[in-house]
Amino acid sequence: MATRSEVVHCYGQLAAGVALMAELARSKEWGRLPALEAQCAAIVERLKLLVPLEALEPGQFEEALRLIERIRVDQDEVCGLVKPQIEQLISRMGYLHQQRTLGKAYGPPH
């Protein structure tokens with residue numbers, strides 16, 4: 001079984017990872033996000049498996065809550081920055097699909 005400090009440590013790692021994702025999204029470094037998101041997902045899976053032997057001490061509990069709030073804020077920022085990029089990508093893919101369909105029907109544009 002895990003110790004209580006491992007739970008707080010995992011939340012700290014997750015907070016750092018999500019903060020880096022927010023920084024990368026602000027810098028429009030989209031290519032680095034998938035690997036980092038996978039690392040964060042692995043930490044979340046680890047947190048799901050951790051079962052402390054006893055409840056967190058008040059200081060640890062407060063630290064965990066602080067980290068969770070930081071994660072939430074950074075995650076909201078990442079979503080806000082990534083969502084328009086995904087919508088733009090979907091739009092471009094739709095346009096390309098339409099062009100390909102027209103090309104099949106009428107031949108390539110001149």
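Identify all residues within region 25-38 that are part of a loop (DSSP other than H, G, I, E, B) and open to solvent by 90 Å² or more (accessible area, probe 1.4 Å); write none if there are none.
K28
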Among A64, A41, the single one that is of a type in the set (G, A, S), touching a residue at least 40 places away in the same chain (Cβ under 8 Å) and either out of contact with any Pro (no Cβ under 8 Å at 6 or more places or on another chain) or open to solvent by 80 Å² or more (accessible area, probe 1.4 Å) (or both) is A64
Quick one: Q75 ticks every box in (1) over 14 Å from A15 (Cβ atoms); (2) polar (S, T, N, Q); (3) touching a helix residue (DSSP H, G or I) at 6+ places or on another chain (Cβ under 8 Å) except a single one, so which number is it?
(1)
Step by step: first the residues of region 59-110, then only those that are of a type in the set (V, I, T) and more than 13 Å from the chain's Cα centre (by Cα), then the one that is modelled with the highest pLDDT. Which residue is that?
I68
Of the residues that make up region 5-18, is at least one open to solvent by less than 100 Å² (accessible area, probe 1.4 Å), in a helix (DSSP H, G or I) and among the polar types (S, T, N, Q)?
yes
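The values are calculated or read from the model by the stated rules, or taken from the named source; none is laboratory data. Keep in mind it's a predicted model, so treat the numbers as computed, not measured. Positions of Cβ are backbone-derived with ideal geometry, glycine not excepted, and every protein chain shown enters the neighbour counts. In case anyone asks, the SASA skips ligands and DNA or RNA and just uses the protein heavy atoms, side chains included. Shrake-Rupley method; radii C 1.70, N 1.55, O 1.52, S 1.80 Å.
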